[in-house]
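Each value in this text was obtained by applying a stated rule to the coordinates, not by laboratory testing. Keep in mind it's a predicted model, so treat the numbers as computed, not measured. So basically every Cβ, Gly included, is an ideal-geometry build from the backbone, and we count neighbours across all protein chains shown.
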Amino acid sequence: MKKLNEKGFTLIELLAVIVILAILMITAIPAVTNSIAKSRKDTFATNAKNVINAVRTSMASGDVKNGSEECSYPADGSAVKITITSDALKGLLERGGDKSSFGRAYNDSYVIIYNKGGDKFDYYIAITDKGGNGVATFTKESALTGSNIKLGNAGNITGTFKPDGSENALATSNISTCTVS
């Protein structure tokens with residue numbers, strides 16, 4: 001009896017491999033997508049902390065202005081709001097200051113310096129990009145993590161600020177405003 005040359009895969013074997021690969025792809029793609037989104041949110045939070053550090057440095061060096069005057073730190077129990085235009089943001093961050101970790105340009109952002117008393121300052125930030133990613137409510141620096149970052153629905157930056165431990169919100173219109181130059 002003559003043997004057939006059996007050097008290949010049958011159609012059933014090939015289909016089985018394709019089905020197995022499809023199942024693996026269906027389970028792997030969401031996991032990878034979630035991992036990428038988490039990484040981008042964490043990077044956004046890190047960049048926001050870098051903005052706060054840049055404002056801290058700019059305040060110390062006198063580069064934050066209230067009109068033509070140098071902006072001063074707030075008195076006990078009060079705050080100062082620092083506006084950071086999207087153009088100024090480019091200069092504050094060493095790399096990638098023109099776009100967020102989501103690849104979108106930043107909107108104008110705000111840092112609030114709140115004096116808890118005795119020259120102890122808390123820093124809060126509200127920062128979003130053109131895609132609606134970010135934090136639109138003033139978030140304390142120590143509480144800023146990737147889990148605070150909203151994707152696509154951060155909303156507009158709010159006009160109130162509530163310091164830790166305070167029952168009353170301070171309207172940002174009642175807080176002196178400075179700008180990073």
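Within the chain, DSSP assigns beta bridges of which about 85% are antiparallel (rounded to the nearest 5).
Across the stretch 8-17, rounded Karplus estimates of 3J(HN,Hα) from the backbone phi angles (6.51 cos²θ - 1.76 cosθ + 1.60, θ = phi - 60°) give x, 9, 7, 4, 5, 5, 5, 5, 4, 5 Hz, Gly and Pro being marked x.
Each residue of the stretch 39-45 was assigned a 3J(HN,Hα) from its phi angle through the Karplus curve 6.51 cos²θ - 1.76 cosθ + 1.60 (θ = phi - 60°); the sequence is 4, 5, 5, 4, 5, 4, 5 Hz, with glycine and proline shown as x. Cα-Cα over 30 Å: which of 41/162; 81/150; 65/120; 38/120? The pairs that break the limit, which is 30 Å between Cα atoms, are 38/120. Here the simple spin-label model places points 7 Å from the Cα toward Cβ, and for residue 21 and residue 83 these points are separated by 5.6 nm.
Placing R0 at 30 angstrom, the Cβ-Cβ distance between residue 94 and residue 68 gives a FRET efficiency of 0.60 after rounding to 0.05. When the Gaussian network model of the chain links Cα atoms closer than 10 Å, the mean-square fluctuations of 32, 64, 51 top out at 32.
Straightening the chain between residue 29 and residue 137 buys 35.7 nm, computed as 0.36 nm per residue apart minus the Cα-Cα spacing.
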